[in-house]
């Protein structure tokens, strides 16, 4: 049993459509590192060019925000679940480029 | 329990309920958790809905049905035919009408005893504080980042709860921001994503019932706030996964260093949210790419002349099934690894639905060295408008 990383719908197209992936990882940094190694397209959505986690992406370990734990060094063990929650704005599905409208 | 002031049937009273109201809300009144006291709280409540679309539809309907005494509806848009797939306040006869007004008419018909006010206006930094001040609770049913930050900041500045809901494809998020001691939107997301980085909804679409469910949860939370009952979603992010049909919860904490609601506030007025979100002008998506273009009429003329043009379709397979120009299909996301399927010595016309994705494709291919490539201006939608009306629009 490894650490399960759940991939949110907006990022699944960059992970080959996968909703989850499992890795052996001692902390969040390792888990996400392996995730972006396997799915290179995810890297720029999760990390800045300097390698920091983007601030519109929230990462939870077993339901707790890592910002209030040990950030990327938050330890993980077998059976833990990492959730990635990016901010979404949709109240509807606006056309790409259409004027801002209601949801 | 003796009822309070009973006024003659049909007249309005804020201290009591008319006989008509007692009958209308009887299913509330027979619940000890609501009762006359709860119904009066609903009657005296004032709720402002930002957005009357996919989320706003169930919100407006259920809050009106529940007897919220004053509802404000903010929306500057008009009802579009494609809205009817999910914005269930509207009917076919409303297409073309201002949404706020069409929603106002529908909700007033559902419940003539409440006050419904339509604000056919865009919410801006100039009008938000003024609009919000007469209401107790603000409900965010919008669809773009600048407005979400605007709603959040205005609510924090005025000390009003912000019942937040958002959706993407099959997932929804609901929580309540702005409660005393609770987090605000900036605690969760201090910065918006740069435009173009969060996948756009253009290829996404949405099942109409998803905002129906998420908006209904927002309505439920709003009613609970008014009644003061149950445990509301302050400090909890509810994530709804429609495909798995499951809910997950995540703890939301107030960020002590939050520039808006933290211990040392650094933002004390509304800002330019478009600038904050890196967006210029009206567009929420990445700025228009400047690539060489061809109009549908031009394409038709040249094809009729027998010219050897290669049509590249960068849409998704399910879109190809709806309608196509018999182009070679390479979905945009697959283009980098399938570029070898293209012959750079041929003249290529790239198209998608509206011209945006294909512009990205042309930009990518030009940077990869393709010289004879143009974008079909306006996409297959424009082809339908200008060349062949039998091609369905979607």
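The values are calculated or read from the model by the stated rules, or taken from the named source; none is laboratory data. None of these values were measured; they are calculated from a predicted model. All Cβ positions, glycine included, derive from the backbone under ideal geometry; neighbour counts span all protein chains shown.
Please enumerate the residues belonging to segment B:362-382 that are surrounded by fewer than 23 Cβ atoms within 10 Å (Cβ to Cβ) and in contact (Cβ under 8 Å) with a residue 60 or more places away in the chain.
B:363, B:366, B:374, B:377, B:378, B:382
Can you confirm whether segment B:18-27 contains a residue that is modelled with pLDDT of 95 or more, in contact with a helix residue (DSSP H, G or I) (Cβ under 6 Å, 6 or more places away or on another chain) and surrounded by 15 or more Cβ atoms within 10 Å (Cβ to Cβ)?
Within segment B:18-27 (the criterion being modelled with pLDDT of 95 or more, in contact with a helix residue (DSSP H, G or I) (Cβ under 6 Å, 6 or more places away or on another chain) and surrounded by 15 or more Cβ atoms within 10 Å (Cβ to Cβ)), the answer is yes, since at least one residue qualifies.
Looking only at segment B:362-377, count how many residues are under 35 Å from the mean Cα position of the chain (by Cα) and closer than 16 Å to residue B:336 by Cα.
Of the residues in segment B:362-377, 6 are under 35 Å from the mean Cα position of the chain (by Cα) and closer than 16 Å to residue B:336 by Cα.
Across segment B:157-195, what is the number of residues that are in a loop (DSSP other than H, G, I, E, B), facing chain A (nearest Cβ under 7 Å) and either without any contact (Cβ under 8 Å) to a residue 24 or more places away in the chain or within 22 Å of residue A:19 (Cβ to Cβ) (or both)?
Step one: list which residues in segment B:157-195 are in a loop (DSSP other than H, G, I, E, B), which gives B:159-161, B:169-170, B:178-184, B:189-195.
Cutting the leftovers down to facing chain A (nearest Cβ under 7 Å) gives us B:169-170, B:189-193.
Next cut, either without any contact (Cβ under 8 Å) to a residue 24 or more places away in the chain or within 22 Å of residue A:19 (Cβ to Cβ) (or both) only: B:169-170, B:189, B:191, B:193.
Total satisfying the criteria: 5.
Of the residues B:203, B:249, B:244, B:293, which single one is in contact with a helix residue (DSSP H, G or I) (Cβ under 9 Å, 6 or more places away or on another chain), closer than 22 Å to residue B:166 by Cβ and at pLDDT below 95?
The match here is B:203.
Which of the residues that make up segment A:67-76 are over 13 Å from the mean Cα position of the chain (by Cα) and either surrounded by 13 or more Cβ atoms within 10 Å (Cβ to Cβ) or more than 10 Å from chain B (Cβ to nearest Cβ) (or both)?
Kept after step one, since they are over 13 Å from the mean Cα position of the chain (by Cα), are these residues of segment A:67-76: A:67-71, A:73-76.
If the condition is that a residue be over 13 Å from the mean Cα position of the chain (by Cα) and either surrounded by 13 or more Cβ atoms within 10 Å (Cβ to Cβ) or more than 10 Å from chain B (Cβ to nearest Cβ) (or both), then A:67, A:69, A:70, A:71, A:73, A:74, A:75, A:76 are the ones that fit.
Might you let me know whether segment B:278-294 holds any residue that is in a helix (DSSP H, G or I) and either closer than 30 Å to residue B:144 by Cα or more than 14 Å from every other protein chain (Cβ to nearest Cβ) (or both)? Walk me through it before giving the result.
The first filter runs over segment B:278-294 and keeps only residues in a helix (DSSP H, G or I), leaving none.
Checked segment B:278-294: no residue is in a helix (DSSP H, G or I) and either closer than 30 Å to residue B:144 by Cα or more than 14 Å from every other protein chain (Cβ to nearest Cβ) (or both).
Here are some residues: B:213, B:217. Which one is under 21 Å from the mean Cα position of the chain (by Cα), part of a helix (DSSP H, G or I), more than 10 Å from chain A (Cβ to nearest Cβ) and surrounded by fewer than 20 Cβ atoms within 10 Å (Cβ to Cβ)? Please lay out each step first, then the result.
Values: B:217 fails: surrounded by fewer than 20 Cβ atoms within 10 Å (Cβ to Cβ).
None of the others qualify; the one that does is B:213.
Tell me, which residue of segment A:55-66 that is crowded, with 19+ Cβ neighbours inside 10 Å and within 8 Å of chain B (Cβ to nearest Cβ) is farthest from residue A:82 (Cα to Cα)?
By that ranking, first place goes to A:56.
For segment B:348-361, name all the residues that are over 16 Å from residue B:381 (Cβ atoms) and crowded, with 24+ Cβ neighbours inside 10 Å.
Taking segment B:348-361 and keeping what is over 16 Å from residue B:381 (Cβ atoms), we get B:348, B:360-361.
Listed by number, the list holds a single entry, B:361.
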